[in-house]
Amino acid sequence: MTDPSVLGLRESATFDRATIAGIQRAAETGVYDIRGWGAKRRLPHFDDLLFLGASMSRYPLEGYRERCGTDVTLGDRHAKYPLRLATPVTIAGMSFGALSAQAKEALGRGASEVGTSTTTGDGGMTPEERGQSKHLVYQYLPSRYGMNPTDLRKADAIEVVLGQGAKPGGGGMLLGQKISDRVAAMRTLPPGIDQRSACRHPDWTGPDDLAIKILELREITDWEKPIYVKVGATRTYYDVKLAVAAGADVVVVDGMQGGTAATQDVFIEHVGIPTLAALPQAVQALQELGMHRQVQLIVSGGIRTGADVAKAMALGADAVAIGTAALIALGDNHPRHAAEYAALGSAAGFYDDFQDGRDPAGITTQDPELSARLDPVAGGRRVANYLRVLTMEAQTIARACGKSHLQHLEPEDLVALTIEAAAMARVPLAGTSWIPGAGL
Amino acid sequence: MEPLTTDATPPNHAGPPPLERLVSIDVSVATVRALNNELHHPSAAAYEVLQPQGAHAIAAGIDQALTVDIRGHAGYYCAGMNDGGQIVVHGNVGTGVAENMMSGSVRIRGDASQSAGATGHGGLLVIEGSASMRCGISMKGIDIVVGGDIGPMSAFMAQAGRLVVCGDAGDDLGDSVYEARIYVRGKVGALGADCIEKPMRDEHLAELAALLTAARLDHDPRAFRRYGSGRTLYHFAAHNSAAY
């Protein structure tokens, strides 16, 4: 097709083709667009940061020779059995329901192979996932679907979920085409209905109640398990302070690039703040409380490479979580499915209809034939490979900065490429000593 | 009566705890943590909790058929996630009593605060007095019988189980209810979105009679009205936007 611009045609920046298509779709259907994935708009991100490698004034470590540690302990503030992970790259919460049982098993296998954790989601714990996950974090969500004390005791950590980056303030959503009999039974819902998860917890409101809720969870599990609190990135500074005050062992902050299986497009793109803007707020809150490194910080939302891992850790995170990237490692959006994506009105690299249940890669579906396409063993191997690459890439950068452990990376190692990123990350614009907003 | 010390080591059991022993635990002396640790690794089948003083998470996480009598008022999440225990509170309780109960029974001789029986999957919760707002919110199979009234937004998004109210119900009863069944003897302030009155058939009179008997409440089932889901919100539809 000829590029219209060579004909002298001008596309509106305000009403671009995607916007026009959105208006046309709304006018035809009368319903808003529901999709998966996270924010697709361009945002200030880790790409806008660079590391200052060692040179005259800093001493680098030898790659392949000198050790660069990657291990992390999560939740040693109150829990009898904190999580001890070999890599700080963890797998974020994704539900059975949103994902097939095979995909959940594959994530567990991959995470276990490299010694990291995976996380349940808004649908309870499956035996496949528990069985294949060495370290399993059990999400405690407003819906409490499938929630039971037996599974709670089987978990290695408990994550109280207040929100997620793709939809802070919104509950989960699972459309009828993905409510199979098994999913329906685990959630105590009629099969085939469009399921709306609650956005607020049913038995506590506010930070003072949360402290009592966390106490109850500790009492039920005999103070054995770390308790995480997960928030979508919004008023992160205050949320982190309140989570710590409520007794969290670990705080999870999910930026707006973090994925979802099904949410309104308008919600994904317009509610919440970027991961880069949230992370320094979280660290500041922890530092002011004297709890940085005492209460661990996990950051998610747009982590793709070891550089992203290293940058998040340099800004003060103890660990990161990946969701969308893990699905891509499993086979999501692979060009081998190009013809099937086209048949669904999408394309490899663009597919985000995770709500639809017809995922050709067999990941975001409950269809038995489609989900059988994903071999959990092979998928697990790909996830493990990818996790290893992320870890090794982060180590490469850390060594270049002279750090013998990923946790030794620090903001001083970073500069920003843009004024926006400098202001958000609170590191100087490259080549200057200017941190916009510092000292105000 | 045997006092429990805070450093008591839980015994390792090969079989069920002995029935003949009643262990009394004074929460003004022992901690709640020590109490719950004992209830999770019981050395007896019957317990009484003295001077609970409104403490939170009393008797939370019981996972076997113990009898526990709590002699006084309890705070939040009393008997939380109970799975098999027969628990009686001789007083009032705070928010979230018997939240997420799986099985067993919890009886409150007084009143209950918000979110009583929230998300419960099974078992029977009896509140002899009244319950505050959000009673039975997100219930998933539990049976709740309230001798008095319940507050607003009760049975919100209730998925399964039965909620019986012998007094009045507050506003927005059963908003967005799924398949839970609600029986109310008195007045209903207002029904929530997609909650409708439904005919009382013989099977409903029979199950209500059984629930009242189990709760040891003497009311005529025919004096109750039944409410449940209109099932009009089970699928997204643009014309329902005012109800969502």
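The values are calculated or read from the model by the stated rules, or taken from the named source; none is laboratory data. Owing to the predicted nature of the structure, the values given are computational and were not obtained by experimental measurement. For neighbour counting, all protein chains shown are included, and Cβ atoms are generated from backbone atoms with ideal geometry for every residue, glycine included.
Restricting attention to the stretch B:158-167, does a residue exist that is surrounded by 22 or more Cβ atoms within 10 Å (Cβ to Cβ), of a type outside the set (A, V, I, L, M, F, W, C) and part of a strand (DSSP E or B)?
Looking through the stretch B:158-167, at least one residue is surrounded by 22 or more Cβ atoms within 10 Å (Cβ to Cβ), of a type outside the set (A, V, I, L, M, F, W, C) and part of a strand (DSSP E or B).
Of the residues A:Ala398, A:Ala347, only one is small (Gly, Ala, Ser) and in a helix (DSSP H, G or I); which?
A:Ala398
Quick grid of which residues meet (1) modelled with pLDDT of 95 or more; (2) under 26 Å from B:Thr232 (Cβ atoms); (3) in contact with a Phe, Trp or Tyr (Cβ under 8 Å, 6 or more places away or on another chain):
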| site | (1), (2), (3) |
| --- | --- |
| B:Gly110 | yes, no, no |
| B:Gln114 | yes, no, no |
| B:Gly123 | yes, no, no |
| B:Ala131 | yes, no, no |
| B:Arg134 | yes, yes, yes |
| B:Val146 | yes, no, no |
| B:Ala169 | yes, yes, no |
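Restricting to the stretch B:171-182, what's the tally of residues that are under 18 Å from the mean Cα position of the chain (by Cα) and either part of a strand (DSSP E or B) or away from chain A (no Cβ under 14 Å) (or both)?
4
For the stretch A:139-196, give me the residue count where each residue is farther than 20 Å from A:Ile220 by Cβ, within 11 Å of chain B (Cβ to nearest Cβ) and either surrounded by 21 or more Cβ atoms within 10 Å (Cβ to Cβ) or aromatic (Phe, Trp, Tyr) (or both).
6
With the stretch A:48-130 as the region, which strands (runs of 3 or more DSSP E) entirely inside it contain at least 2 residues that are crowded, with 21+ Cβ neighbours inside 10 Å?
Hits in the stretch A:48-130: A:72-74, A:83-85, A:89-91, A:117-119.
Filter the stretch A:2-16 for residues that are surrounded by fewer than 10 Cβ atoms within 10 Å (Cβ to Cβ) and on the phi < 0 side of the Ramachandran plot and give the result.
A:Thr2, A:Asp3, A:Ser5, A:Val6, A:Leu7, A:Leu9, A:Arg10, A:Ser12, A:Ala13, A:Thr14
Which numbered condition trips up A:Tyr237, out of (1) more than 13 Å from chain B (Cβ to nearest Cβ); (2) more than 15 Å from the chain's Cα centre (by Cα); (3) crowded, with 21+ Cβ neighbours inside 10 Å?
Status for A:Tyr237: all satisfied but (3).
Can you name the number of the only condition in (1) facing chain B (nearest Cβ under 9 Å); (2) under 18 Å from B:Gly120 (Cβ atoms); (3) among the hydrophobic types (A, V, I, L, M, F, W, C) that A:Leu215 fails?
Exception for A:Leu215: condition (2).
One residue is enough: does the stretch A:3-14 have a residue meeting the conditions β-branched (Val, Ile, Thr), more than 29 Å from A:Arg144 (Cβ to Cβ) and assigned to a loop (DSSP other than H, G, I, E, B)?
yes
How many of the residues in the stretch A:24-47 are of a type in the set (Phe, Trp, Tyr) and part of a loop (DSSP other than H, G, I, E, B)?
So the count comes out to 2.
For the stretch A:3-36, give me each residue that is in contact with a helix residue (DSSP H, G or I) (Cβ under 9 Å, 6 or more places away or on another chain), within 14 Å of chain B (Cβ to nearest Cβ) and among the small types (Gly, Ala, Ser).
A:Gly30
Taking the stretch B:133-153, which residues are within 14 Å of chain A (Cβ to nearest Cβ) and either without any contact (Cβ under 8 Å) to a residue 24 or more places away in the chain or among the β-branched types (Val, Ile, Thr) (or both)?
The answer is B:Arg134, B:Ile137, B:Ser138, B:Lys140, B:Gly141, B:Ile142, B:Ile144.
Going by what's in this entry, would B:Leu173 be described as hydrophobic (A, V, I, L, M, F, W, C), touching a residue at least 60 places away in the same chain (Cβ under 8 Å), within 20 Å of B:Gln159 (Cβ to Cβ) and surrounded by 14 or more Cβ atoms within 10 Å (Cβ to Cβ)?
Against the criterion (hydrophobic (A, V, I, L, M, F, W, C), touching a residue at least 60 places away in the same chain (Cβ under 8 Å), within 20 Å of B:Gln159 (Cβ to Cβ) and surrounded by 14 or more Cβ atoms within 10 Å (Cβ to Cβ)), B:Leu173 does not qualify.
Can you tell me which residues in the stretch B:105-120 are surrounded by 23 or more Cβ atoms within 10 Å (Cβ to Cβ) and either of a type in the set (D, E, K, R) or within 13 Å of another protein chain (Cβ to nearest Cβ) (or both)?
Passing the criteria: B:Ala112, B:Gln114, B:Ser115, B:Ala116, B:Gly117, B:Ala118, B:Thr119, B:Gly120.
Scan the stretch A:1-51 residue by residue and report those that are within 28 Å of A:Ile303 (Cβ to Cβ) and aliphatic (A, V, I, L, M).
A:Ala18, A:Ile34, A:Ala39, A:Leu43, A:Leu49, A:Leu50
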